[in-house]
Structures are given as structure tokens and as C-alpha cells.
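Heads up, the thing below is written out as C-alpha cells.
The values are calculated or read from the model by the stated rules, or taken from the named source; none is laboratory data. Owing to the predicted nature of the structure, the values given are computational and were not obtained by experimental measurement. We place every Cβ from the backbone using ideal geometry, glycine too, and count neighbours over all the protein chains shown.
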Amino acid sequence: MANYVLDGRVKVVFWPITAISANSKNAAVANYCVGQQDVEAYWRYHDYLFAEQSSIYRADEAYFTETAVRFGADRDAFTTCYKDTAVRSLIDELDNGRIQRGVRGRPVFDIGEQRLIGNQPYSTFTRLLDALLQP
């Protein structure tokens, strides 16, 4: 999908799901704050948090800060972002947007009017995207 996104033909929207555990919102906020500093780090940090879900259940602010710094985040900028009530409100708005669109689980992909639920082969995405992008 990167070839469609990098050349500007497709926009990827990532909706946080904050109701998975008591710390899901904190993880979403932390990931957002890393992404504000480095988009590529956002995805690396996201993948790390996903792989380390058991750690998130008992994580505190120090955990999120230290892991963010390990992924290259500036500590002070991260801390300011992480504590920012506007950022927390944004995460709530994104989560509410996901719910309003009927996205209850993951992964879900909306491509035009087509909704795909669950993992899909790359060929499914290219077929749908190419059909939508035809002039």
C-alpha cells in the first residue's frame, strides 16, 4: 500500500481503539506523541506496543516515556504532549469517530464504499484501489 500512499493517491486513517484495556488510551496518546515527532517512529512504536500488549496493562507514564525515548522521541516534547489535555481529547474524538463509523474491531479497511474486515491479501487492496483510481 505504501506506493499508493507515498504518491498521494490514498490516505490512510488510523483510528485508535481506547476501550481494550484501562491503559489503551494512554498507549494511543503515547503513540500519537511519538508520531508528532517522527512519522516513521510512530509506526515502529505502534508495532512495539502491539507486540508488548501484556506490558501495557500495567504500564505507567514512566513506561510510555522511556519506551518513547528508546524510539527516538525527545523526552521533554513527549512529556508535554503526553500530559496535554487537548491531545487526550483528540484521541477521544478519533475513538468516537471510529465508533460512529461502525468500526468495532480490528483490522477494518474502508476502501470507497467497500468495507473489508480482517487481514486481507495485498492483491485485494490493489484490485479495489486500482478500480477506484481509474479515471
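Give Asp74, Asp38 a once-over and let me know the one that is under 14 Å from the mean Cα position of the chain (by Cα) and in contact (Cβ under 8 Å) with a residue 24 or more places away in the chain.
On the way: Asp74 fails: under 14 Å from the mean Cα position of the chain (by Cα).
Every option except Asp38 fails the conditions.
Out of all the residues in segment 1-54, which are among the hydroxyl-bearing types (Ser, Thr, Tyr) and either exposed (fewer than 14 other Cβ atoms within 10 Å of the Cβ) or in a loop (DSSP other than H, G, I, E, B) (or both)? Outline the logic, then answer.
So the first thing to find is which residues in segment 1-54 are among the hydroxyl-bearing types (Ser, Thr, Tyr), and the list is 4, 18, 21, 24, 32, 42, 45, 48, 54.
Listed by number, the residues that qualify are Thr18, Ser21, Ser54.
Scan segment 91-135 for residues that are assigned to a strand (DSSP E or B) and touching a Phe, Trp or Tyr at 6+ places or on another chain (Cβ under 6 Å) and jot them down. Can you show your working first?
Quick first cut of segment 91-135, residues assigned to a strand (DSSP E or B) only: 108-111, 114-117.
Correct list: Leu116 only.
From the set of residues in segment 92-123 that are touching a strand residue (DSSP E or B) at 6+ places or on another chain (Cβ under 6 Å) and farther than 24 Å from Ala30 by Cβ, which is surrounded by the fewest Cβ atoms within 10 Å (Cβ to Cβ)?
First pass over segment 92-123, keeping only residues touching a strand residue (DSSP E or B) at 6+ places or on another chain (Cβ under 6 Å): 108-109, 116-117.
Narrowing further to those that are farther than 24 Å from Ala30 by Cβ: 109, 116-117.
Details: Phe109: 17, Leu116: 14, Ile117: 12.
Among them, the one singled out is Ile117.
Name every residue in segment 55-79 that is charged (D, E, K, R) and assigned to a helix (DSSP H, G or I), in order of residue number.
Restricting attention to segment 55-79, the residues satisfying the condition of being charged (D, E, K, R) are 58, 60-61, 66, 70, 74-76.
Within segment 55-79, Glu61, Glu66, Arg70, Arg75, Asp76 meet the criteria.
So that you can scan it fast, the table gives a plain yes or no per residue for (1) at pLDDT below 90; (2) farther than 20 Å from Phe14 by Cα; (3) touching a Lys or Arg at 6+ places or on another chain (Cβ under 8 Å):
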{"position": "Arg75", "(1), (2), (3)": "no, yes, no"}
{"position": "Thr80", "(1), (2), (3)": "no, yes, no"}
{"position": "Ala86", "(1), (2), (3)": "no, no, no"}
{"position": "Ile91", "(1), (2), (3)": "no, no, yes"}
{"position": "Leu94", "(1), (2), (3)": "no, no, no"}
{"position": "Gln100", "(1), (2), (3)": "no, no, no"}
{"position": "Arg106", "(1), (2), (3)": "yes, no, no"}
{"position": "Leu116", "(1), (2), (3)": "no, no, no"}
